[in-house]
Amino acid sequence: MDKVILDEKKKILLEFINSKDYQPMKFKEIASVLQVPRDEKQDLREVLEALQTDGKIEADTKGRYKIADTNTRTGIFSGTQRGFGFVIIESETEDIFIPESATKGALHNDKVMVSIKNEGRGKRREGEIIRILERNSSTIVGTFEKSKNYGFVVADNQKFGKDIFIPKEHTKGAVNGHKVVVKITDYGSQDRNPEGKVIEILGHMNDPGVDIISVIMAYNLPVEFPEEVMNQVEAVQDEITEKDMAGRKDIRSLQTVTIDGEDAKDLDDAITLSKDGDIYHLGVHIADVSNYVTENSPLDKEAVKRGTSVYLVDRVIPMLPHKLSNGICSLNAGTDRLALSCFMDIDDKGTVIGHEIAETVLRVDRRMTYTSVKKILEDHDEAERNEYKELVPMFELMSELADILREKRRKRGSIDFDFPESKIKLDENGHPIEIKPYDRNKATKIIEDFMLIANETIAEDYFWQEIPFVYRSHDNPDAEKIQQLGIFINNFGYSIKISQDDIHPKELQKLLLKIDNTPEEALISRLTLRSMKRASYTSTSDGHFGLATKYYCHFTSPIRRYPDLQIHRIIKENLRGGLSEKRYNHYSKILPDIARQASITERRADDAERDVDKLKKVEYMSDHIGEIFEGVISGITNWGMYVELPNTVEGMVRVSEMQDDYYIYDEEHYAMIGEHTRKTYKLGEKVLVEVLAADKLLRTIDFAFVDEAPEEDQ
């Protein structure tokens, strides 16, 4: 049934069941009262099931439908290794705790209906699952363990709290330590493990590359492109023609550069910049990917499905085939390319006083790297400045304008999290040989600043034109999490102003400025980030809390992000004579689902990237067992303390392993205190740790505190 029709029928049926004269009825009775024709009864059943899945109605033991109990919710079950779990409800800030005895056999990420037992009693909500509405997945990736007459698989995702039983005839010859894909044949129950059969053996867990393939399979990341997609790509020309350039603004005479990492191959943004008096003329030029990826074509459908490119440690899983992303859509130096450009006139206060969006044809003069531009601007490297002498004035102008734009964002309260990401270097066998923080430099910040202003300018323009669009939204943080952050930072002598359960981003920005270059900077920055919500894609302009702006979108990376590609289509259609009523309605209808799908695939990519990083960090630390490192206590729980090393690796000191005393977690002061010695460990404290163990299967690193480093290390 069409989604619009289904939603309309759900609305009508819900009004009927919610009416004051309605008495709980069975399916046949509802069909009779509503005089549903025989050939439409299946539709009625579908609508009733959809309303149940939404948690709007429920069926009693006799199969009679009624409005769902107000204490009943629908959400996603998040499992744990220890059997209990939580139900996450999209529109609510607090999760519902589910004891192990009340999970009803639900597995991680299943869609469930939960009955809340203690709503509004001032303590954490607790509930029991009353119905599993939708199983998350029929396949699981894990490690095979063999017994005499059967096998079992331990899921890689530790939130999948139960091992999967594999009958002997369904092991496919797997041996201990094999990474396998299992098809679940029986989901089990509260007291019985799921059952399945091995459908694919990926290799032994210690074989090079198998760990990353396992993550790719576990997240169901599409790797190979379907044949019809590749056929469409084959038909795309390698270079643009005069016909392609017709009607476009020709900017090939402008001095134009790309600035990217050394290993980047998909160059989708180029910059032009000049200055006239006090006015900067900034051009942000983005590869016109939508010229080749047309709506509803095989390429487009596959791009929607993928949503984003995924950047794993040793490979990229692209949203678009390489012939496009590294070829005709890449703004390679010395070649004519099609672009969608945002030309901005910016005054010396950083205000965009005028702008133009246009379809263009450009030719990049030089392909620059962040390292090279950093050498020119920060290090004043003579050899580098000489190599690019004709471009140096433009780079200096870029630095000047970027500083102005950044200062303007700072004044309005934009939050800039500047803690380093991990850069993991592998050898030819995929084994990690170096992990270090990946630092942003002046060149990376310049490009960020220019992309931000283009994204804001485009979003504000299309908001006021009242044209259907995809925005990047970031909600205000939950009051409770901000209160907790306030309590925590008080331990370090800092404070934030919170008014009426709300906070302005400027308060968090001020906090980050205060902690700049302090020992606790990385810790407080991370906890501040964790107190905020995730940004997502929406079809309404809901504002961006972190950037302190009302209007924001993603316009600058259509090679690797589907929302950017989608809005390029809308912009071009609008530039070519405006949207007809039919096209306006078309976009209004599809964009909420496009935004939702893009948010889901973005999260999937983030989780997969984080899992691979975690795997490689564990593998790296397994080469350093017994070594001593200095770190910072980055988290405290009832069962232990997390310690983060300068190279971004995090491990745990387990309380159960600390033999010198019995330690108790003091939640109020974010500290662990010895019951007898009163020895205290606090968040943010510098400590020395020895690496005890690194478990690749569980993805855990165990540390132990040491009093002092050996003499040779001091």
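Every number in this text was worked out from the coordinates using simple rules, so none of it is lab data. Predicted model, so just to flag it, every value in this text is computed and none were measured. Note that we place each Cβ from the backbone using ideal geometry, even for glycine, and neighbour counts take in every protein chain shown.
Counting other Cβ atoms within 10 Å as a rough exposure proxy, the listed residues I458, I130, I17, I636 run I130, I17, I636, I458 from fewest neighbours to most.
Put +1 on the Cβ of every Lys and Arg and -1 on every Asp and Glu Cβ in the chain; which of A605, V182, Q255 then has its Cα farthest towards the positive end of the dipole? Result: V182, furthest along the dipole toward the positive end.
So if I place +1 on the C-beta of Lys and Arg and -1 on the C-beta of Asp and Glu, and nothing else carries charge, what would the dipole magnitude of the stretch 625-713 be about its Cα centre? I want it in debye, nearest 20.
380 debye
Under 1.5 on a/c is rounded, so check that first for the stretch 171-308, then, if it is not, pick prolate when a/b is larger than b/c and oblate when it is not; a ≥ b ≥ c are the square roots of the alpha carbon gyration tensor eigenvalues. Prolate, since a/c reaches 1.5 and a/b exceeds b/c.
Summed over all non-identical Cα pairs, the Kirkwood treatment of the stretch 72-134 gives a radius of 11.2 Å.
Give me the distance between the Cα centres of the stretch 574-615 and the stretch 520-543, rounded to whole Å. With the stretch 574-615 and the stretch 520-543 each reduced to a Cα centre, they are spaced 20 Å.
Charge dipole of the stretch 146-215 (Cα centre as origin; +1 on each Lys and Arg Cβ, -1 on each Asp and Glu Cβ, all else neutral): 160 debye, rounded to the nearest 20.
Specify whether the C-alpha gyration tensor of the stretch 208-272 places it in the rounded, prolate or oblate class, a ≥ b ≥ c being the square roots of the eigenvalues: rounded for a/c under 1.5, otherwise prolate if a/b is larger than b/c and oblate if not. Oblate shape, in that a/c is at least 1.5 and b/c is the bigger or equal ratio. The trypsin sites (Lys or Arg not before Pro) of the stretch 643-714 meeting both criteria, a DSSP state outside H, G, I, E and B (loop) and at most 10 other C-beta atoms within 10 angstrom of the site's C-beta, are R678.
Computed from backbone phi with θ = phi - 60° and the Karplus coefficients 6.51, -1.76 and 1.60, the 3J(HN,Hα) list for the stretch 456-469 is 5, 4, 5, 4, 5, 4, 6, 5, 6, 6, 6, 10, x, 7 Hz; x is used for glycine and proline.
Distance between the modelled labels on I130 and E46, one decimal in nanometres: 2.7 nm (7 Å Cα→Cβ projection).
Can you give the calculated 222 nm mean residue ellipticity of the chain, where each DSSP H run of n ≥ 4 adds -39,500 (n - 2.57) and the sum is split over every residue, rounded to the nearest 500 deg cm²/dmol? Intermediate results must be reported in sequence, preceding the final value.
Numbers: 16 runs with 211 residues, N = 714.
After summing the helix terms and dividing by the residues of the chain, the value is -9500 deg cm²/dmol.
For the chain, the Cβ-based charge dipole about the Cα centre amounts to some 2760 debye (Lys, Arg positive; Asp, Glu negative; other atoms uncharged).
Using alpha carbons only, how many angstrom separate the centre of the stretch 249-290 from the centre of the stretch 634-649? For the stretch 249-290 versus the stretch 634-649, the Cα centre distance is 42 Å.
Note on the stretch 58-75 and the stretch 446-476: Cα centroid distance 42 Å, given to the nearest whole angstrom. Under 5 Å from the amide H of R366 lie the amide H atoms of T256, T258, each residue being 5 or more positions distant or on a separate chain, with H modelled from the backbone and absent for Pro and chain starts.
Taking other Cβ atoms within 10 Å as a rough exposure proxy, E378, E169 sort from fewest to most as E169, E378. With the Cα gyration tensor of the stretch 3-67 giving a ≥ b ≥ c as the square roots of its eigenvalues, does the rule (a/c under 1.5 for rounded; else a/b larger than b/c for prolate; else oblate) give rounded, prolate or oblate? It is rounded, given that a/c, with a ≥ b ≥ c, falls under 1.5. For the residue pairs K374/K617; K41/K66; K162/K425; K423/K696; K445/K514, the alpha carbons lie more than 23 Å apart in K374/K617; K162/K425.
Rounded to the nearest whole Hz, the Karplus-based 3J(HN,Hα) values (6.51 cos²θ - 1.76 cosθ + 1.60, θ = phi - 60°) of the stretch 653-665 follow the sequence 9, 7, 4, 5, 8, 8, 7, 6, 6, 9, 9, 10, 7, with x at glycine and proline. Using the Karplus relation 6.51 cos²θ - 1.76 cosθ + 1.60 with θ = phi - 60°, the per-residue 3J(HN,Hα) values for the stretch 219-227 come to 8, 6, 7, x, 9, 6, 8, x, 4 Hz, with x marking Gly and Pro.
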